[in-house]
Amino acid sequence: MPKDSGIGASSKRREDVRFLTGRGKYTDDINLRGQAYVHFLRSDVAHGRINGIDTGEAAAMPGVVRIFTGADFEGVGGLPCGWQVTDRHGNPMQEPAHPILAQGKVRHVGDPIAAVVADSYAQARDAAEAIVLDIEELPAVIDMKAAVEGGPKVHDDLESNLCYDWGFVEENKDAVNAAFEAAAHVTTLELKNQRLVANPMEPRVAVGDYAPGTGDSTLYTTSQNPHVIRLLMGAFVLGIPEHKLRVVAPDVGGGFGSKIFHYAEEAFCTFAAKAIERPVKWTSSRSEAFMSDAHGRDHVTKIELALDADGMFQAIRTETFANMGAYLSTFAPSVPTWLHGTLMAGNYKTPLIYVNVKAVFTNTVPVDAYRGAGRPEATFQLERVIDKAAREMGIDPVELRRKNFITEFPYATPVAVEYDTGDYNATLDKALEVADVSGFEARRAASAAKGKWRGLGLNCYIEACGIAPSALVGQLGARAGLYESATVRVNATGGLVVMTGSHSHGQGHETAFPQVIAEMIGIDESMIEIVHGDTANSPMGMGTYGSRSLAVGGSAMVRATEKIINKAKKIAAHLLEASDADIELKDGQFSVAGTDKSVAWGDVTLAAYVPHNYPLEDLEPGLEETAFYDPSNFTYPAGTYICEVEVDPDTGKVSIERFTAADDFGNVVNPMIVEGQVHGGLAQGIGQALLESCVYDANGQILSASYMDYAMPRADDVPYYSVDHSCQTPCTHNPLGVKGCGEAGAIGSPPAVVNAVVDALQRNGKDVTHIDMPLSPARVWAAMNG
Amino acid sequence: MTTVSMTVNGKSVSGDVEGRTLLSAFLREGQGLTGTHVGCDTSQCGSCVVHVNGAAVKSCTLFALEADGAEVTTIEGMANADGSLGTIQQAFQDYHGLQCGFCTPGMVMSAAALLKDNPKPTEAEVRHYLEGNICRCTGYHNIVKAIMAASGQDVVAVAAE
């Protein structure tokens, strides 16, 4: 029987009401009295030397308040990078300066050169057109291999375009090579994981405000982690102490990673608001977003899998080029390394793994985390090479996976992580059942009868979520902690507010988080309110990404609520004249064990704030507690995805006919929300597999910088999905036993789609072993026609 | 500046606009109706869909002056008279047809236009009709389900994952 409230209930989302009636409050809905508007003049060349910027005519145009250039930011900090990777020789990565407005050179199309602040957007845009730029165009480097083989240097003051050359685990390299020498079979695959753009539907917005009377700065911004922005911008860019800087991220219209990072426009609006003593607002256009939001993926990889004669995996060896773009975005260096190399074991007990990653600067928009971040790249190459190996060795792809599955937990991989729990056979079996794989042949025949080629593709994935232990990530180069916080403030009349550093931008925290606390206390969910997104009213927290909100933020909330309950029990014990060890809390009633004496939750909370009859000598009045939670490990959601496609042999067009996801997310708080998260991830993964690609030409012009050119998945590109999360091996190290569900869909789906298309072609006699994404009709047709 | 007048959600409004002012900007900035969202600059995403004289229109493709004298309905005008959610809005909540909420106003407005012309659409018809509305969060599954349910059709089989 499904529950109707608390943990496990599909509670309807309370935030929906405001979104469905047009009463959401997104950053662009914020307008401050007297605000000015900024328009950024951006580079239209990929690489160039700035010889002059003449703003004279523009500055005299109607409405212009002030025009800023890189010269205004001399002595101001640049955008910091939050993760330092150490290369395979023990040296730190090369880390270029990243000024707020370009200084000396422009390094990608979209690099901001000047900022025009005016009384209206239209005036700012008009004036920007009157700025006279003298930019000497330089040869640009776009291709990663060209960049490290003597191509033009993106940063003149760095030794080369190589950010780092990372080896993992470097000590295993010789043993891995030896295993390849001895292997009965080696499967090799070269592939690309193409550049994508996250494309949350809400473009980025920043509104800077400054109060001359107090010297306080406020930034309203479209962020997944306002505290992180406060820390990075305050401490590293503008030199504003945290107590004089407030960052607010109100309703945020999706993020998918791209709103984690600290961007130049945020620092600019905060800086300029102080300079002109007026609020300054920037709203990105979609075209600007394509040129200024951090991009995702963009790996070129060669993977080799060594197997023995029985198909047991012996070793994996990979070499990846990872595009950093022109500058290091906030967490960019961590994505191809610690979020990618550590996942190369997948679901399998491969004893030896060596991952080499060369991170490269090019004249392109910076690349950073996008839904899955490193884990989709790891899963894609692994699951593609396994599929190829199965075909080469004549082993059923399901059986090849199954015989190599990790089956005992905890399991320490050769790539530095320890999986706490999992049951990969269970999710595989569930997926085979839900997908009705036994009925595939009949469906294939039906497709064939109408001239379509049907194929079936499988993918097993694991991801590391709940990012994560501060001590560990600190060793790995993170320049931040990765705990989460919650303050639970109980009001006198029994309702309570939870202030959390986790940020909701579509995940439904305002609904799911109260379900947890309601269950713990035994009160109605409607008595609990979640407050987030404002550094002024929530404790320091690290925000929402890496499927961490419930696993880390939820755990902090549980810990704080436990403190509340412990204190409330002491108050109840006083009121009931009993020992607090004998007090039990159930359904919102405190009772003395074994008696009929009880007191209601609301009476205890009232006593805490009206302490007339209260143990004041032993206990402070009030009922408010804070907890910070820093987990001991990542969480490891896993599952199996199965895709069925039809390929039109005349056109190469692929259609997704069926898609099944069987995930193990551990315990589930709100199944409806979890399923929705998977659906969204699937569409993004199918989008990557079939449609999306951020394309540059050789000169560094972005050819896909609008929705006319960047193929976003639309409603008729995807089917109804079948998703199942009934296989649950709870996480062992967080109090809720949850693993996180936000990224799985995007990680698990691209290999399933590509495997299905390759299957369809091979079943029809085409010797096609791989097609690079996106599998557009042109690419599929070309592959099948040699 | 030119004065433009129209009826928005049953209320007569007017304002001074430039020739280049888009209807979306007039609604958001002039009227404070910030439920209409702008998600792109090429008339692709559909976050800004409103009804103009009963037809679904991307309000970023229309100059405010072109709507002079028109009857305009925005998401703020879609609830029932007593303030409760309208049928389509309620279906979106019931079937989890929204996540971040940014594309949602346009989705609801498009869905309303679809169901007016085609009260019992097939799944394929719903998906085809939504081609002009991009959602990045939901993968469309629950949006399609919500619209099918709002049209009074059985979606239980779909829900049986």
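Comparing the full protein assembly with the isolated chain, the residues of segment A:21-62 losing at least 20 square angstrom of accessible surface (1.4 Å probe) are A:T21, A:G22, A:Y26, A:D28, A:D29. Taking every residue in B:32-40 and counting other chain Cβ atoms within 10 Å of its Cβ, the average works out to 6.
The calculated FRET efficiency for the pair B:N53 and A:A492, based on their C-beta separation and a Förster distance of 41 Å, comes to about 0.15.
Could you work out [θ]222 nm for chain A from helices alone, using -39500 (n - 2.57) per DSSP H run of at least four and dividing by all its residues? Round to the nearest 500 deg cm²/dmol.
Working: 19 runs with 205 residues, N = 786.
So the calculated ellipticity at 222 nm is -8000 deg cm²/dmol.
Per-residue mean of foreign Cβ neighbours for A:707-718 is 6 (Cβ atoms of other chains, 10 Å radius).
Using a cut-off of 13 Å between beta-carbons, work out the net charge of the residues near A:V357 (Lys and Arg +1, Asp and Glu -1, A:V357 not included).
Taking every other residue near A:V357 into account, the sum is -2.
Around the amide H of A:A478, modelled in the peptide plane, lie the amide H atoms of A:Q84, all under 5 Å away and 5 or more residues distant in sequence or on another chain. In this simple spin-label approximation, A:A175 and A:D618 carry label points 7 Å from Cα along the Cα→Cβ vector, and these lie 5.7 nm apart. Would you mind counting up the charge near A:N199? Only other residues with Cβ under 11 Å from its Cβ, with Lys and Arg at +1 and Asp and Glu at -1. Once positives and negatives cancel, what remains is 0. Amide H to amide H distances under 5 Å link A:Q314 with A:A306, A:L307, A:D308, where only residues 5 or more positions off or on other chains count and H is placed in the peptide plane. Projecting the Cα atoms of A:N425, A:A471, A:I565 onto the charge dipole of chain A, computed from C-beta unit charges around the Cα centre, puts A:N425 farthest toward the positive end.
Would you list the membrane-span-like helices of chain B, meaning whole DSSP H runs whose alpha-carbon atoms span at least 15 Å along their axis and whose mean Kyte-Doolittle value is at least -1.0?
Values: long enough: B:104-117 (20 Å, 0.72).
Those that clear 15 Å and a mean of -1.0 are B:104-117.
The string of couplings for segment A:145-154 from the Karplus curve (6.51, -1.76, 1.60, θ = phi - 60°) is 5, 4, 5, 9, 10, x, x, x, 7, 6 Hz, one whole number per residue in order, with x for Gly and Pro.
Could you tell me which helices of chain A pass both thresholds, a Cα extent of 30 Å or more along their own axis and a mean Kyte-Doolittle hydropathy of at least -0.5, with helices taken as whole DSSP H runs?
Values: long enough: A:555-576 (31 Å, 0.20).
Correct list, ordered by number: A:555-576.
Counting only heavy atoms of the protein chains and using a 1.4 Å probe, B:V8 has close to 10 Å² of accessible surface. Farthest toward the positive end of the dipole of chain A, out of A:I523, A:P366, A:G346, is the Cα of A:P366, where the dipole comes from beta carbon charges about the Cα centre.
According to the calculation over all Cα-Cα pairs in the protein assembly as shown, the P(r) per 20 Å bin from zero is 14, 46, 34, 6, 0 %. Around the amide H of A:G151, modelled in the peptide plane, lies no amide H under 5 Å away from a residue 5 or more places distant or on another chain.
Residues in segment A:714-723 carry Karplus couplings, in order, of 10, 4, 8, 8, 10, x, 5, 9, 10, 10 Hz; the curve used is 6.51 cos²θ - 1.76 cosθ + 1.60 with θ = phi - 60°, and Gly or Pro positions show x.
I'd like the interface area for chains B and A: accessible area of each alone minus the complex, both sides summed, 1.4 Å probe, protein heavy atoms only. What is it in Å² to the nearest 100?
On the way: alone 8290 and 27770 Å², together 31620 Å².
Its buried surface, counting both partners, is about 4400 Å².
Where in chain A lies the longest segment free of GluC sites (Glu not before Pro) that are both loop residues by DSSP (not H, G, I, E, B) and have at most 15 other Cβ atoms within 10 Å? Free of exposed loop sites, the longest segment is A:618-786. Accessible surface area normalised per residue over the protein assembly as shown is 33 Å², counting heavy atoms of protein chains with a 1.4 Å rolling probe.
Can you sort A:T270, B:T61, B:T87, B:T73 by solvent-accessible area, 1.4 Å probe, largest first? All intermediate terms of the calculation are to be shown ahead of the outcome.
Details: A:T270 0, B:T61 70, B:T87 100, B:T73 45 Å².
Heavy-atom accessible area, descending, gives B:T87, B:T61, B:T73, A:T270.
Shielding of A:674-681 by partners, i.e. mean partner chain Cβ atoms within 10 Å per residue? Show your work: numbers first, answer last.
Working: counts 0, 6, 10, 4, 3, 10, 10, 2.
Partner-chain Cβ atoms within 10 Å, mean over residues of A:674-681: 6.
Rounded to whole numbers, the Karplus 3J(HN,Hα) couplings from phi for segment A:363-370 are 7, 9, 4, x, 10, 8, 5, 9 Hz, using 6.51 cos²θ - 1.76 cosθ + 1.60 with θ = phi - 60°, and x at Gly and Pro. Checking the Cα-Cα distances for A:K153/A:K388; A:K259/B:K11; A:K388/A:K653; A:K145/A:K739; A:K192/A:K349; A:K358/A:K403 against a 30 Å cut-off, the pairs over it are A:K153/A:K388; A:K259/B:K11; A:K145/A:K739; A:K358/A:K403.
Under a model in which nothing but the beta-carbon of Lys, Arg (+1) and Asp, Glu (-1) is charged, chain A shows a dipole of about 700 debye around its Cα centre.
Under 16 Å from a label point 7 Å along Cα→Cβ of A:R88: give me every residue in segment A:355-380 with its amide N that close. Backbone N within reach: A:355-360.
The values are calculated or read from the model by the stated rules, or taken from the named source; none is laboratory data. Quick caveat: nothing in here was measured; it's all calculated off a predicted structure. A quick note on method: Cβ atoms are made from the backbone with ideal geometry, for glycine too, and the neighbour counts reach across all protein chains shown. Calculation scope for accessible area: heavy atoms of the full protein, side chains included, ligands and nucleic acids excluded. Shrake-Rupley method; radii C 1.70, N 1.55, O 1.52, S 1.80 Å.
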